[in-house]
Amino acid sequence: MPQIKAAVCRQFGAPLSIETINLAAPEMGEVEVTLKACAICHSDISYIDGAWGGTLPAVYGHEAAGHVTAIGNGVRGVAVGDPVVVTLIRSCGTCPSCAGGKPVACESDMASGPLTGENGEALEQAMNTGGFAEKVVVDQSQVVKLSDGIAMDVASLLACGVITGVGAVVNAAALRAGQDVVVIGAGGVGLNAIQGARIAGARRIIAVDMSEEKLAIAREFGATDGVLATEDKPWRLAKTAMGRGADAVFVTVGAIPAYDTAPQYLANGGKVIMVGMPHSGAMSSYEPVMLAATGQGMIGSKMGDVVIARDIPWMVDLYAQGRLKLDELISGRWPLEQINEAIADTKTGSAKRNVIVFD
């Protein structure tokens, strides 16, 4: 059984430890990928800090890219040597959700356990991936073959943050050209929601954030206007900029105040798209009569409701054409040994995406 280096979480809220662990060979339908990059998502940090519970010890990390180095029996569509994106979206293909075109909501329990510690203890392959490691073994449904022209650090962003933001716009909201959009939160996912709105042809794209610096970055990614969330009743400023309410409001942060105020930005018939993930137990409140009287709605969007075999190649092509910004999303590149420093930097809120890179 091959041994690899990985960042292991043994206690919620504590620094990760760099350890040598065991990785099982790929079994039926599985693929081994030697990673070149794994981006740090805020979801990883929330799990590491214990916000949503989970099993420990665990290896987190789920925005990964690398090259296939082994395949199990029955694998189709990829071969040894292929560059791939590795996502957390593990789908059986046959349950009602998968068969209905919603693989992100797969109802089957496809958990696997390829990781063990040096002493044989079980390690949780968190978020179906365990990407803070030199190699992963995942189900073939989780990988998408890439063209040779895209760098691995850039490609890793397509595993979660980009597809979640862009997908929330084009899939969950089904935004039409000429509609107006508000994006609350101009972090990694928010910037990609802004890009998705630009690509979809939105008329006005209003970014809302606590920081003028982030609003400036949002404009670089396609926002037409910026509103500070610290303003008194910021939805009024957003509506002034649009001349009306928004057709879609994307909440891309897990902050409860953002959820509480999101409906205030809506036009009649508009929708709040819930993307950001608050901590377990956090509650938000609404006045339902207002939603009912104005025909407004609220829907959740998991991973942008993507079909990765369809959507990731499309986004790679947009990137190749210069229509989707990816390089600009990377704030820093860090070796695995400095993952705790990279996480701390991400927590400051100034980073768009920090990426762990492997030799």
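The values are calculated or read from the model by the stated rules, or taken from the named source; none is laboratory data. Here the structure is a predicted model, which is why all the values come from computation and not from measurement. Here the Cβ positions follow ideal geometry from the backbone for every residue, glycine too, while neighbour counts run over all protein chains shown. For the accessible areas, the whole protein counts, side chains as well, though only heavy atoms, and no ligand, DNA or RNA atoms are used. Shrake-Rupley method; radii C 1.70, N 1.55, O 1.52, S 1.80 Å.
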Determine the per residue accessible area of region 195-335 with all protein chains present and a 1.4 angstrom probe, expressed in square angstrom.
48
1.4 Å probe accessible area per residue over region 1-128, in Å²
42
Under 5 Å between amide hydrogens, which residues at least 5 positions from residue 36 or on another chain qualify, with H placed 1.01 Å from N in the peptide plane?
65, 66, 67
Heavy atoms only, probe 1.4 angstrom, no DNA, RNA or ligands counted: give me 18, 45 ranked by accessible area, highest first.
18, 45
Residue separation times 0.36 nm, minus the C-alpha to C-alpha distance between residue 279 and residue 24: what's the value?
88.5 nm
Scan around residue 272 for amide H atoms under 5 Å from its own, H built in the peptide plane at 1.01 Å from N, and keep only partners 5 or more places away or cross-chain.
249, 297, 298, 299
Value at 222 nm in deg cm²/dmol, rounded to 500, when DSSP H runs of n ≥ 4 in the chain each add -39,500 (n - 2.57)
-6500 deg cm²/dmol
Region 45-137: relative contact order as a whole-number percent, Cα under 8 Å and 6+ apart
33
Heavy-atom accessible area of residue 148 with all protein chains present, probe 1.4 Å, nearest 10 Å²?
140
Where the centre of each part is set by its Cα atoms, how far does region 137-174 sit from region 290-347, in angstrom?
8
Ordered by residue, what ³J(HN,Hα) values in Hz, to whole numbers, does region 175-192 give under the Karplus form 6.51 cos²θ - 1.76 cosθ + 1.60, where θ = phi - 60° and Gly and Pro are x?
4, 9, 4, x, 7, 10, 9, 10, 10, 8, x, 10, x, x, 5, x, 4, 6
Could you tell me which label, among (i) 0.98; (ii) 1.30; (iii) 1.02, carries the value of Cα Rg over 2.2 N^0.38 Å calculated for this structure?
(i)
Centroid-to-centroid separation of region 255-279 and region 221-252 [C-alpha atoms, Å]:
12
Given H placed on each backbone N at 1.01 Å, which residues far from residue 49 in sequence or on other chains put an amide H within less than 5 Å of it?
13
In the chain, what percent of the accessible surface is made up of carbon and sulfur (1.4 Å probe, ligands and nucleic acids excluded)?
50
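Mind checking the dipole of region 98-178: about its Cα centre, +1 per Lys or Arg Cβ, -1 per Asp or Glu Cβ, Debye to the nearest 20?
540
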For region 130-229, size of Cβ-based charge dipole, Lys and Arg +1, Asp and Glu -1, in debye:
360
Could I have the simple spin-label model distance between residue 151 and residue 310, label points 7 Å from Cα toward Cβ, reported in nm to one decimal?
3.2
Given contacts defined as C-alpha pairs under 8 Å and at least six residues apart, what's the relative contact order of the chain, whole-number percent?
17
Relative contact order of region 282-359, pairs being alpha-carbon contacts under 8 Å that are 6 or more residues apart, as %
23
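Just to make sure I understand: if all protein chains stay in place, what is the order of 279, 67 by accessible area at 1.4 Å, largest first? Don't skip to the answer; put the middle values down first.
Values: 279 110, 67 60 Å².
Of 279, 67, the descending order of accessible area is 279, 67.
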Karplus 3J(HN,Hα) series, Hz, for region 140-153 with 6.51 cos²θ - 1.76 cosθ + 1.60 (x for Gly, Pro):
4, 5, 8, 10, 10, 5, 10, 6, 6, x, 10, 5, 5, 5
In terms of the charge dipole of region 1-158, which places +1 on Lys and Arg and -1 on Asp and Glu at the beta carbon, the residue among 4, 141, 100 farthest towards the positive end is 100
Picking from 344, 293, 193, which is most flexible by a Gaussian network model of the chain using Cα springs under 10 Å?
293
Using a Gaussian network for the chain with springs between C-alpha atoms less than 10 Å apart, which of these wobbles most: 251, 78, 306?
78
Burial ranking of peptide ranges 181-191, 332-342, 137-147 (average Cβ count within 10 Å, highest at the top)
181-191, 137-147, 332-342
If you plug each phi of region 82-88 into the Karplus form 6.51 cos²θ - 1.76 cosθ + 1.60 with θ = phi - 60°, what whole-Hz ³J(HN,Hα) values come out, in order, with x for Gly and Pro?
5, x, 9, 8, 10, 10, 8
What is the dipole size for region 1-60, taken about its Cα centre, with +1 at each Lys and Arg Cβ and -1 at each Asp and Glu Cβ, in debye to the nearest 20?
180
